[in-house]
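The values are calculated or read from the model by the stated rules, or taken from the named source; none is laboratory data. Only a predicted model underlies this, so the values are computations on that prediction, with no experimental measurement involved. Heads up, the Cβs are rebuilt from the backbone with ideal geometry, glycines too, and the neighbour counts pull from every protein chain shown.
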Amino acid sequence: MNEELIVSGRNNLMVDPHLNIWHWPIPLYLFLGGMAAGILAIAAIYYIRGREEDYKAAVRITPMLAPFLLVLGLLALFLDLRHKAYFWQLYVNIKLQSPMSWGAWVLMVITPVSFIWAALHIRELFPRWDWKYSVLYSVEKFFIRYKKILAWVMLIYALVLGIYTGILLSAFNARPFWNTSILGPLFLASGLSAGAAATLIISKNTDERKQFARIDLVLIGIELFLIIHMFMGFLASTQVQIDAANMFLGGPYTTVFWIFVVIMGMLIPALLEVLELRKYHIPAILPAILVIFGSFMLRFIIVFAGQASRWLY
Amino acid sequence: MRYAMAVDTRKCVGCSDCVVACQTENNVPSGFSRDWVVERLNGTYPQLEIELRSERCNHCNNAPCVRCCPTGASHFAEGGIILVNHSKCIGCGACISACPYDARYPHPDGYVDKCTFCNHRLKNGLSTACADVCPTKCIYFGDLDDPNSSVTMILKRRKYKTLIPEAGTDPRLYFLI
Amino acid sequence: MTNRRQFIKISVAGAGFMATGAGTMKAMELISQPGNTGSLNLDLKRTPTYCEVCFWKCAGWVYKKSNGKIWKIIGNDQDQHCNGRLCPRGTGGVGMYNDNERLRTPLLRTAERGKQIFREATWDEAFDYIAGRMKEISVKYGPSSMALFTHGSGSSYFTTLLKAYGSENIAEPSYAQCRGPRDDAFFATFGEEAYSPEITDIRNTKCLVLIGSHIGENMHNGQIQEMSDAIDNGATIITVDPRFSTAAGKSKYWLPIKPSTDIALLLAWMHEIIYNEYYDKKYVDKYCTGFDQLREHVKNFTAEWAYGITTISPDKIKRTAKEMASAAPAVIVHPGRHVTWYGDDTQRIRAIAILNALLGSWGRRGGFYRPSKASVPGYKLPGFPKPSRTWQDAFPGKFPIASSPVSNVLIDASIPENNPGYLVKGWIVNGTNLISTIPNQANTIKAIQNLELLVAIDTMPMEITGWADVVLPECTYLERYDSLRISPHRKPSIALRMQSTEPLNQTRPGYWIARQLSLKLGLESYFPFEKQEDLLDWQLKQVKSSLEEMQSLGVKNFEREADDLYFAEDENVQFPTDSGRIELFSKSLEAAGFDAMPKYTAHEEPQDGYYRLIYGRAPMHTFSRTSNNPNLTDLMHENSVWINPKVAKEWSLVTGQYIWLKNQDGVTTDFPIKVRVTERIRWDSVYMVHGFGHKQKQMKRCFGKGASDTQMITKVLYDPLMGGTGMRSNFVTFVTENAGKEVSL
């Protein structure tokens, strides 16, 4: 029999008996940020490809959500900080090796950009919108003139936003469950998927909805591939990674993950979208909500499961 | 200057004096520990073997906590000691997640705290509180760049190991076996 | 057989002195404090003290921050007891002071004894009550009817008080409940006890043999330090223990002996050492007597014979005997400390002493050294009245060898049915939690119910205070002066305990308490110094020192009068025994009607489904004394019961689960205890650390945590020689129903 135990009674808050430093605010932010990233990236792509008229909702309306999602996400992040008075240190330091530092700066750019993009299209919702001050009209004119550059900026930063959270978690080699480079692309795919789902709900254009259903299907396919690949990678890796994978293959996280994330969040919406494309009448909102739900649960479970995976004791 | 520490598992009796001394010296809040003692037991009665280790932050050469800190609050100080600058720390907890040894903890005052190799004592020519109090004198501390320091000499004489070397952290806390 | 044991020397007395701080502190040190910037330099004052958390009394320095709060306690480099390093309990001594659940004011009982309903009282009220009752008892039953149970620094003051009052019924539980058999066995053999701290020359030894002693878990500071030195020097450690103790983990040989069979092993070792001629012939010829009888006595106690009893293979017994012999005389067969196990304990330690004599380790380097004690005069006091009775008159003829009063005798004498002609009617209990210390709790409580006065002096509201009529709150050692520590060691030394901070709330030092009582009893001539530090200064001046000097030194070491740490080659040593020699065959024991040489007797074994209860210490605690200390509860807040995996499988128990323990007499623990399934314990025994399972709700940190082994020890095996209470013949079984963590009394 082998025993390995701490005999001096260590019981550090949120560290023992296993790491529990990040609670709901972090997965909430990851989800909100991811979804906002997806929305903005899709909007930028279709704008740049000149398909704005075909996908009006995607380019003009859905992005109105983004500022709110980002602000809520930032608020969640801020609430999670334990030394709040010093949060501004994030913005006077840049650490190239720290994905969290990238994130702080990326958010610093993408949040105002999302506001600007939303502001540029405000007359889609409020046709008689009046800026009141001439300086604001000048600013609006300026951005309309350079909208393409703005779109490129938005695209790049949105993609970084979508992928960096996965890279951030994967940089923690101390938590074997996170330590896979697949996490970045997985989060990006999941974010894009949630963004596409948002347009599915908002759009009133059947063609647009069909297109986004197809996009979602592809993204779900990519996500499933990445998930399978991730587990294959763990099982072919070191013991701690095998142990981490086993949390999901018979261990405590098995049920929640495969049911909430994979079945409810990916397989069922995929099925529903296939059925819809085959002309069965399915309320489009249903798969979209499931996708968004799955995207949130993915982050939630990964954040908690990662904290439970460990090297020692 | 490269500070390092060696713990002799053959002499450690698991008394946890290092934990109490660190707590009083560094005003560690009640309920938290900067260092701890681990017992590892192998075998079946009566063929048994035990190893006792006093552990703490390893002040790794390739520290994941310094790498992932977004503000630079976790930094390398003189001698390679890793310290947390309280007024730069935002309390995000990334470093706590990044440490495979679970050496860090969130201090009630908001910043992240951990073993500092008693940096404040080293300036005055003293050793760490744990090394100074250990009744079995199983904790060696000193400068690896000094050929006469106790830690340099003991590492020359004895076999040693580090914890989870495969995690790639290159720790500076050695366990004599 | 004469009593060699000196009663606790009565040192002179003085009342507590409220130190103001700045004036008398001479030692200052500039040390930076930990902090954000790391370079704060604060003036820090330090005062000398010696620790009270256990009997080792390590000397140290108390450091305070500039705001006057105690910061930390560090060992005194000059001190032979600790060499500048305190143990975890000493380092955690700050917690004793900071514990917010300490006693605060004197308390007077207002309801039935044990109901724990008290009212706060002034010191004057409390003293009047006590003095009044003591005077009554003296008139009704005679002063010998007052007994004192004591432990720690306060012992000397209360001993003076009680002797002045007219009673010599003063017992330290550390005798009959702990080291008694050992000291008497060594008296019978060498004419001298093993002392505290033990005079074992561990740092120079080549072979250390531990019979059940768990150095490393019992935190005898100096011994652990020296054991570490011995390990560095390549010494061999041989551990005889049914449990894989920490010491066993560092041993070259671990003998996993069947519990209660140690004497068989010791006899077999004697056989090996004698019949293989491993013994030190010169030493035995010159210094010992009774060798021929011993030789004859162990003729048939072969290793094979011992194997059948102890389950240790003959080969191992022979090899370890040889190992000991080749290291001789630098070998120590350690006498242990808590040795009250099976009732034949004096004889078991006799066997250990005999082995040491055969190997020639007594008085030799790497064996046992000759201690030297500083000679510091006490202030001359008036003579004490001769008591009309002593403890030996309670049950005449019982325990004739005892060199100290036996606590359990005094307890039994408090129960009228036991001996109506001799009654103890009043107890003063100082610094010892009798409920946790004395086995057979029901008997102790029965005795208490018959008392007319029970005074408890303590720092914490321990169980004994719940039964008292008067509770007197003493301040901790950090808040008071105390007698000089004058202890035997390699060099004579004295250590000063100086007050480092004002006593909190209404607490007061033991010296002041004893003196105030003496005033009320008209015995103030025995406490001529009002302030204790005046007495200390007087004493120190007698040895060419002063209070001022000691305040800056903390510890003063002197040179030995002669270079006699060990026996010189061919020295003609006169041993303080009846024969003047080391008695392998003890004529005095024979004369008293006991075995002159140890014999093996089989002891009771557990019945099916029951397991022998073995208990011990953890290095982060001192019995029940530290159970509520906030620094130490952080390390260990409950005990657990160690169960062998084979047994755990039978019972379907897993680590972390809580169960009740029930013993052979049907007593169940008040609280459930956590299970630790481990290979470190034999399948016929279970192990737990002593001192948990507290029932006092006032101590929130330790109330209900873990279980009390004392509660399980209802069967006591009395050592017929000296009254030691053997506690290891109790067997427990497991009760798993309703053992969830939420418990209410």
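Details
- Any hit, segment B:127-136, residues being more than 8 Å from every other protein chain (Cβ to nearest Cβ), under 30 Å from C:ILE224 (Cβ atoms), assigned to a loop (DSSP other than H, G, I, E, B) and free of Cβ contacts under 8 Å to residues at least 24 places away in the same chain: yes
- In segment B:146-175, the residues that are without any contact (Cβ under 8 Å) to a residue 12 or more places away in the chain and closer than 16 Å to B:ASN61 by Cα never reach a residue that is among the hydrophobic types (A, V, I, L, M, F, W, C) and in a loop (DSSP other than H, G, I, E, B) with C-beta atoms less than 8 angstrom apart, at least six apart or across chains.
- Only a single criterion out of (1) within 14 Å of another protein chain (Cβ to nearest Cβ); (2) buried (at least 19 other Cβ atoms within 10 Å of the Cβ) is not satisfied by A:TYR55, namely (1).
- Test: residue in segment C:111-122 that is within 14 Å of another protein chain (Cβ to nearest Cβ) and not in a strand (DSSP E or B): no
- Restricting segment A:93-138 to residues that are more than 14 Å from chain B (Cβ to nearest Cβ) and of a type in the set (Phe, Trp, Tyr), the residue that is nearest to B:ASN85 (Cα to Cα) is A:PHE115.
- Look at (1) assigned to a loop (DSSP other than H, G, I, E, B); (2) more than 10 Å from chain B (Cβ to nearest Cβ); (3) not hydroxyl-bearing (Ser, Thr, Tyr) and you find that A:MET1 fails only one, number (2).
- Among the residues making up segment A:90-102, those that are in a helix (DSSP H, G or I) and either aliphatic (A, V, I, L, M) or under 18 Å from B:ILE96 (Cα atoms) (or both) are A:LEU90, A:PRO99, A:MET100, A:SER101.
- Within segment C:43-72, the residues that satisfy the criterion of being part of a strand (DSSP E or B), within 14 Å of another protein chain (Cβ to nearest Cβ) and either touching a residue at least 60 places away in the same chain (Cβ under 8 Å) or of a type in the set (S, T, N, Q) (or both) are C:GLY60, C:TRP61, C:VAL62, C:LYS64, C:ILE70.
- Set A:PHE31, A:PHE68: member being without any contact (Cβ under 8 Å) to a residue 40 or more places away in the chain, more than 9 Å from chain B (Cβ to nearest Cβ) and among the hydrophobic types (A, V, I, L, M, F, W, C): A:PHE68
- Scan segment A:197-247 for residues that are over 20 Å from the mean Cα position of the chain (by Cα) and of a type in the set (A, V, I, L, M, F, W, C) and the total you get is 10.
- Residues that are more than 30 Å from C:GLU193 (Cα to Cα) and either touching a helix residue (DSSP H, G or I) at 6+ places or on another chain (Cβ under 7 Å) or modelled with pLDDT under 95 (or both) within segment C:313-335 comprise C:SER313, C:PRO314, listed in sequence order.
- Those residues of segment C:684-706 which are assigned to a loop (DSSP other than H, G, I, E, B), closer than 22 Å to C:ASP241 by Cβ and of a type in the set (A, V, I, L, M, F, W, C), in sequence order: C:PHE692
- Some residue of segment C:230-240 being under 22 Å from the mean Cα position of the chain (by Cα), within 20 Å of C:PHE55 (Cβ to Cβ) and buried (at least 23 other Cβ atoms within 10 Å of the Cβ): no
- Residue match in segment C:85-98 (condition: of a type in the set (Ser, Thr, Tyr), under 24 Å from C:LYS700 (Cβ atoms) and within 13 Å of another protein chain (Cβ to nearest Cβ)): yes
Rundown of residues vs (1) of a type outside the set (D, E, K, R); (2) in contact with a strand residue (DSSP E or B) (Cβ under 9 Å, 6 or more places away or on another chain); (3) surrounded by fewer than 19 Cβ atoms within 10 Å (Cβ to Cβ), yes/no style:
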position	(1), (2), (3)
C:PRO528	yes, no, yes
C:LYS531	no, yes, yes
C:LEU536	yes, no, no
C:GLU548	no, no, yes
C:GLY554	yes, yes, no
C:ASP563	no, no, yes
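- Where strands (runs of 3 or more DSSP E) fall entirely within segment B:32-107, those with at least 3 residues that are more than 7 Å from chain A (Cβ to nearest Cβ) and not aliphatic (A, V, I, L, M) are at B:47-55, B:74-76.
- In summary, A:LEU150 fulfils each of the numbered conditions (1) touching an Asp or Glu at 6+ places or on another chain (Cβ under 9 Å); (2) among the aliphatic types (A, V, I, L, M); (3) closer than 16 Å to A:ILE48 by Cβ with the single exception of condition (1).
- Residue match in segment C:267-279 (condition: of a type in the set (Val, Ile, Thr), more than 14 Å from every other protein chain (Cβ to nearest Cβ) and assigned to a helix (DSSP H, G or I)): yes
- Residue check for C:GLU168: under 22 Å from C:SER404 (Cβ atoms) and in contact (Cβ under 8 Å) with a residue 40 or more places away in the chain: yes
- Contact map, segment B:14-29: first residue within 7 Å of chain C (Cβ to nearest Cβ), second residue part of a helix (DSSP H, G or I) and β-branched (Val, Ile, Thr), Cβ cut-off under 6 Å, separation 6 or more or different chains; pairs are B:ASP17/B:VAL133; B:ASP17/C:THR91; B:VAL20/C:THR91; B:ALA21/B:VAL133; B:ALA21/C:THR91; B:THR24/C:VAL94.
- Looking across segment C:654-706, the residues that are within 14 Å of chain B (Cβ to nearest Cβ) and of a type in the set (Phe, Trp, Tyr) come down to C:TRP683, C:TYR687.
- Number of positions in segment C:317-344 that are touching a strand residue (DSSP E or B) at 6+ places or on another chain (Cβ under 7 Å) and surrounded by fewer than 17 Cβ atoms within 10 Å (Cβ to Cβ): 0
- Within segment C:586-683, strands (runs of 3 or more DSSP E) holding 2 or more residues that are within 28 Å of the chain's Cα centre (by Cα) and in contact (Cβ under 8 Å) with a residue 40 or more places away in the chain: C:611-616, C:640-643, C:658-663
- Test: residue in segment A:292-313 that is in contact with an Asp or Glu (Cβ under 6 Å, 6 or more places away or on another chain), within 14 Å of chain B (Cβ to nearest Cβ) and surrounded by fewer than 20 Cβ atoms within 10 Å (Cβ to Cβ): yes
- Residue identified as closer than 28 Å to C:ALA247 by Cα, buried (at least 24 other Cβ atoms within 10 Å of the Cβ) and in contact with a strand residue (DSSP E or B) (Cβ under 7 Å, 6 or more places away or on another chain) among B:VAL38, B:VAL19, B:VAL112: B:VAL19
- Segment A:4-39, subset aromatic (Phe, Trp, Tyr) and assigned to a helix (DSSP H, G or I), residue farthest from the chain's Cα centre (by Cα): A:TYR29
- Checking each residue of segment A:260-279 against the condition of being within 26 Å of B:GLY93 (Cβ to Cβ) and not charged (D, E, K, R) gives at least one match.
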